[in-house]
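Beneath this line is the structure, given in structure tokens, with notes to follow.
The values are calculated or read from the model by the stated rules, or taken from the named source; none is laboratory data. Since this is a predicted model, take the numbers as computed values, not measurements. Every residue, glycine among them, receives a Cβ derived from its backbone with ideal geometry; neighbour counts consider all protein chains shown. Side chains are part of the model used for accessible areas, which takes the heavy atoms of the whole protein and leaves out ligands, DNA and RNA. Shrake-Rupley method; radii C 1.70, N 1.55, O 1.52, S 1.80 Å.
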There are 2 protein chains.
Amino acid sequence: MADVLVVGCGLIGTSIGLALRQAGQDVLLHDTDPSRIATAARRGAGKAWNSTQNASLVLVAVPPAAVAAQLYEAQRHDLGRTYTHVTSVQSEVQSEVEALSCDLSSIVGSHPLAGRETSGPDAASADLFVGRPWAVCPSPSSADEAVEAVLALVETCGATPVVVDAGVHDASVARLSHLPHVLSAALAGRLTVAPGQGTDLSGPGLVDATRLAAGDPALWAQILTANAGPVAQELRAVVADLSALAEDLGASLEPGAADAARERVLAFLTRGQQGRAQVPVKRGERSAAFASVVVEVDDRPGRLAALLTDAGELGVNVEDVRVEHVPGRPRGSISLVVALDAATRLAEGLSTRGWDVPQARGPGQ
Amino acid sequence: MADVLVVGCGLIGTSIGLALRQAGQDVLLHDTDPSRIATAARRGAGKAWNSTQNASLVLVAVPPAAVAAQLYEAQRHDLGRTYTHVTSVQSEVQSEVEALSCDLSSIVGSHPLAGRETSGPDAASADLFVGRPWAVCPSPSSADEAVEAVLALVETCGATPVVVDAGVHDASVARLSHLPHVLSAALAGRLTVAPGQGTDLSGPGLVDATRLAAGDPALWAQILTANAGPVAQELRAVVADLSALAEDLGASLEPGAADAARERVLAFLTRGQQGRAQVPVKRGERSAAFASVVVEVDDRPGRLAALLTDAGELGVNVEDVRVEHVPGRPRGSISLVVALDAATRLAEGLSTRGWDVPQARGPGQ
């Protein structure tokens, strides 16, 4: 008996296969598309399933709408002892497997909070889940051994298990993942609507704010409708906040009401700033723990490489790099995101090494 | 007579001074805070104004609420021939200078679409405006010579002038700049509200989507209330879209209405994806012109430097770098954003040089 049968060799399924193989486990791979099995196998994620072999754990990693049927089929052929999936919405799958009269004791849903802009087995990585949260959502019927088996899988993949009720999970991702996607799409959608003056006057903020809207509409329609209740609830709350803000902005134009309205606008923005401080920028840490060091550099690739080499030699770990490219001119600016307590040391060290670091220039800042 | 008197030595005023000095112009600097004048002068942005000298052009770069009064004072002392400012909302300043009975023929408002996360004269850069749009907003009373003088300033700073009516400008930035800020703040604000499960289950998308919310609430309250009408109008449109989506999500749960509702959810997301394709990711270009090449690397600063050196040697210009840091493990993944037609060449070239580039591995992707 194999350790794990992975059904669905996309980004997530293949990445799990790679992580398990790295830990020495015996992995079988299946997909409706044979070329994806071949790619995943060539990448080292496991061996093709021969359609009769069974496994200790069956992991279903297919699009949301197909998950329950795959779990049902796998149980019907008695392919595993424990069954899990990696769907971004949990309650719907729980209801569906119940309706299909699956054996609920051996099923424990889960959801790794990982992913990247690309998809498919070629984009997979054994390290995709390292340091990431991974929700594990037992139902009231789940057997303890089944929960243990899924927790062991999560830990083998290097993720941090978060055991949570399916409903709490779904409310949480509605706010932290589905709402951001919807707001990004709503904003980007406005750019298609008249009267518009195009994007001639857009600045760099619009790029970040619309990035999520690039995601696959068909997949996201599945995700949003699968979590329709909690997402609608978050939307109604945001609609209330934005309606109140629109009203306050209107009132800010009326002499008698202006001061109170401005205070409410300020309170809205302050709440946003407080919320932002709670966002983990580096996995598991908060944004207030990081600072940017801006360096003005010649805009040639070699300069960026040299800059990062110097940062490394100064013993500073660069968490993120943001490049402000200036076409047609030989300069640009680079932001290095580092731990707050390393920022001054990095700025001064780079300045000493001859880099143009505005914030290290004098006492004025 | 000096070429330009800069009133307000913040990020924008000092950056303009630096750009003008680089072009050989004679620049005078003023600020209510003498330490900012000293910093700007030390950076090479010009010389401290002696309070009587005048200039061909007076540029007011102070917070929005103080702009009209500064223009009025400068005209009262006959300090310049032409007067401009760099305020992010134009109509309000136009009304204010009219109400103050300023000489309207010599005033032409303007607004550079530039900026960075840091502020103050230390963060200034002569290249801040290069390749960026810079709105120039004459009023019906503006003299042609005054418009020419401001256009010349914009071009000296390396920006692309966009001559536009103040009202059109304000409607445009309401959509492209103020709305993204408000949506980011609304999203981040939800993180402070019960019932919440914290951010334990957040993924990387939340980081981008809440970045703008970190901006200074006091400054943004000034900006939003100065552009209250157009921002409220954009908000009402987004509120209508989000309310409809919430309703469609509700209807997707009802057997009879589900299919039509799902179609509308899909249409909403598709519109967002289309809008995203119109966003200029690199200055002056559209996001569809770029692609990411993901490379799995050892998570040491020296590896990132070596990677960028190799990209440079392959003759590929890296437009942006995104680092996915994996704490506690010696690997991470790096996305290099490059021109679409260079992506395959980069992926294959890096792969040949021994880098782990998933998308160059096989025909499956």
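Pulled fully out, how much extra length does the chain show between A:GLN53 and A:GLU145, if you take 0.36 nm times their separation in residues and subtract their Cα-Cα distance?
Working: separation 92, 0.36 × 92 = 33.12 nm, distance 2.15 nm.
Extending this stretch completely gives an extra 31.0 nm.
Where is the GNM fluctuation largest for chain A (alpha-carbon springs, 10 angstrom cutoff): A:ALA218, A:ALA159, A:ALA232?
A:ALA218
Using a cut-off of 10 Å between beta-carbons, work out the net charge of the residues near B:VAL164 (Lys and Arg +1, Asp and Glu -1, B:VAL164 not included). Present the calculation step by step, with values, prior to reporting the outcome.
Working: positive: none; negative: A:ASP200, B:ASP165, B:ASP170.
That sum, taken over residues with Cβ under 10 Å, equals -3.
Largest first, how would A:SER125, A:SER119 line up by accessible area (1.4 Å probe)?
Putting A:SER125, A:SER119 in descending order of accessible area: A:SER119, A:SER125.
Write down the radius of gyration of chain A and its Dmax, each obtained from C-alpha positions, in Å.
In Å, with Rg to one decimal and Dmax whole: 24.7, 77.
Counting each DSSP H run of 4 or more residues in chain A as -39500 (n - 2.57), what helix-only mean residue ellipticity at 222 nm follows after dividing by all residues, to the nearest 500 deg cm²/dmol?
-13500 deg cm²/dmol
Just to be sure I understand: with springs between alpha-carbon atoms less than 10 Å apart, which residue in A:PRO230, A:PRO121, A:PRO195 has the highest mean-square fluctuation in the Gaussian network model of chain A?
A:PRO195
If I take R0 = 25 Å and measure r between the Cβ atoms of B:ASP200 and A:LEU340 in this structure, what FRET efficiency does the formula 1/(1 + (r/R0)^6) give, to the nearest 0.05?
It comes to 0.70.
For a quick check: with amide H placed at 1.01 Å from N, whose amide H comes under 5 Å from B:VAL58's, ignoring anything fewer than 5 positions away on the same chain?
It is B:LEU5, B:ARG81, B:THR82, B:TYR83, B:THR84, by chain and number.
If one computes the Cα centroid of the stretch B:69-122 and of the stretch B:192-213, what distance in Å separates the two points?
Measuring centre to centre over Cα atoms gives 38 Å.
Would you grab the residues whose amide H sits under 5 Å from the one on B:ASP356? Only those 5+ places off in sequence or on another chain, please, with H modelled 1.01 Å from N.
Amide H to amide H, under 5 Å and 5 or more residues apart or across chains, B:ASP356 pairs with B:GLU296.
Given H placed on each backbone N at 1.01 Å, which residues far from B:SER139 in sequence or on other chains put an amide H within less than 5 Å of it?
B:GLY109
Just to check I understand the Karplus step: with θ = phi - 60° and J = 6.51 cos²θ - 1.76 cosθ + 1.60, what whole-Hz values come out for the stretch B:158-175, glycine and proline as x?
Karplus-based 3J(HN,Hα) across the stretch B:158-175 equals x, 8, 9, x, 10, 7, 8, 4, 4, x, 5, 4, 5, 5, 5, 6, 4, 7 Hz.
Evaluated at 37 °C with a viscosity of 0.692 mPa s, what Stokes-Einstein diffusion coefficient in µm²/s does the stretch A:115-240 have when Rh comes from the Kirkwood expression over alpha-carbon pairs?
Details: Rh = 17.3 Å.
D, rounded to a whole number, is 190 µm²/s.
What are the ³J(HN,Hα) couplings of the stretch B:102-110, residue after residue, when phi is run through the Karplus curve with 6.51, -1.76, 1.60 and θ = phi - 60°? Round to Hz, x for glycine and proline.
So the Karplus estimates, Gly and Pro as x, are 5, 6, 6, 5, 9, 9, 9, x, 8 Hz.
At 7 angstrom along the Cα-to-beta-carbon line, where would the label on B:GLY44 sit relative to the other copies? Give the distances in nm, shortest first.
Taking the point 7 Å beyond Cα along Cα→Cβ, the inter-copy spacings are 5.0 nm.
Rounded to the nearest 100 Å², what's the accessible area chains A and B bury against each other, both chains counted, probe 1.4 Å?
Buried surface at the A/B interface: approximately 11900 Å².
At a Förster distance of 41 Å, what's the computed FRET efficiency of A:ALA244 paired with A:ARG353, Cβ-Cβ distance as r, to 0.05?
With R0 = 41 Å, the Cβ-Cβ based efficiency is 0.20.
Mind running the shape call on the stretch A:153-199? Use the C-alpha gyration tensor, a ≥ b ≥ c as the square roots of the eigenvalues: rounded below 1.5 for a/c, prolate if a/b tops b/c, oblate otherwise.
Working: a/c = 7.15, a/b = 2.76, b/c = 2.59.
Prolate.
Rounded to the nearest 0.05, what FRET efficiency do A:VAL163 and B:ASP165 give with R0 = 60 Å and r taken as the Cβ-Cβ distance? Could you check?
Once rounded, the FRET efficiency stands at 0.55.
Can you work out the Karplus-derived ³J(HN,Hα) for every residue in the stretch A:139-154? Use 6.51 cos²θ - 1.76 cosθ + 1.60 with θ = phi - 60°, whole Hz, and x for glycine or proline.
Residue by residue, the stretch A:139-154 yields 8, x, 8, 5, 6, 4, 4, 5, 4, 4, 5, 6, 4, 5, 4, 4 Hz.
Taking Cα atoms of the protein assembly as shown, Rg/Rh with Kirkwood Rh, to two decimals? Before the final figure, lay out each step's value.
On the way: Rg = 27.5 Å, Rh = 27.4 Å.
Checking Rg against Rh, the ratio lands at 1.01.
Distances from A:PRO255 to the same position in the other copies: list them in nm, one decimal, shortest first, using label points 7 Å from Cα along Cα→Cβ.
Reported distances to equivalent positions: 6.3 nm.
Ignoring ligands, DNA and RNA, what accessible area per residue does the stretch A:76-214 give at 1.4 Å, in Å²?
33 Å²
Just checking the output field for B:305-314: average partner chain Cβ neighbours within 10 Å of each residue's Cβ?
Rounded to a whole number, the mean comes out at 5.
Which percent of the accessible heavy-atom area of the protein assembly as shown goes to carbon and sulfur, probe 1.4 angstrom?
C and S atoms contribute 51 percent here.
At a threshold of 8 angstrom on Cα-Cα distance, excluding pairs fewer than six apart, so keeping six or more, what relative contact order does the stretch B:1-89 reach in percent?
Value for the stretch B:1-89: 32 percent.
Binning every alpha carbon pair distance of the stretch B:1-50 at 5 Å from zero, what are the percents per bin?
All Cα pairs considered, the percentages come to 5, 28, 39, 21, 6, 0.
With the label 7 angstrom out along Cα to Cβ, how close does A:GLU145 come to the same site in each of the other copies, in nm, nearest first?
Reported distances to equivalent positions: 9.4 nm.
Determine the order of B:TYR72, B:TYR83 by accessible area, beginning with the largest, at a probe radius of 1.4 Å.
B:TYR72, B:TYR83
Quick check: pseudo-label points 7 Å beyond the Cα along Cα→Cβ at A:LEU253 and A:GLU98, how many nm apart are they?
Distance between label points: 5.1 nm.
If you wrap a convex hull around the alpha carbons of the stretch B:1-146, what volume per residue comes out, as a whole number of Å³?
104 Å³
Report, in whole Å, the centroid distance computed from the Cα atoms of the stretch A:335-359 and the stretch B:1-25.
About 26 Å separates the Cα centre of the stretch A:335-359 from the one of the stretch B:1-25.
If you place +1 on the Cβ of every Lys and Arg, -1 on the Cβ of every Asp and Glu, and leave all else neutral, what size is the dipole of the stretch A:27-168 about its Cα centre, to the nearest 20 Debye?
520 debye
Can you tell which of B:ASP241, B:ASP127, B:ASP26 shows the greatest fluctuation in a Gaussian network model of chain B with Cα springs below 10 Å?
Maximum among the listed residues: B:ASP241.
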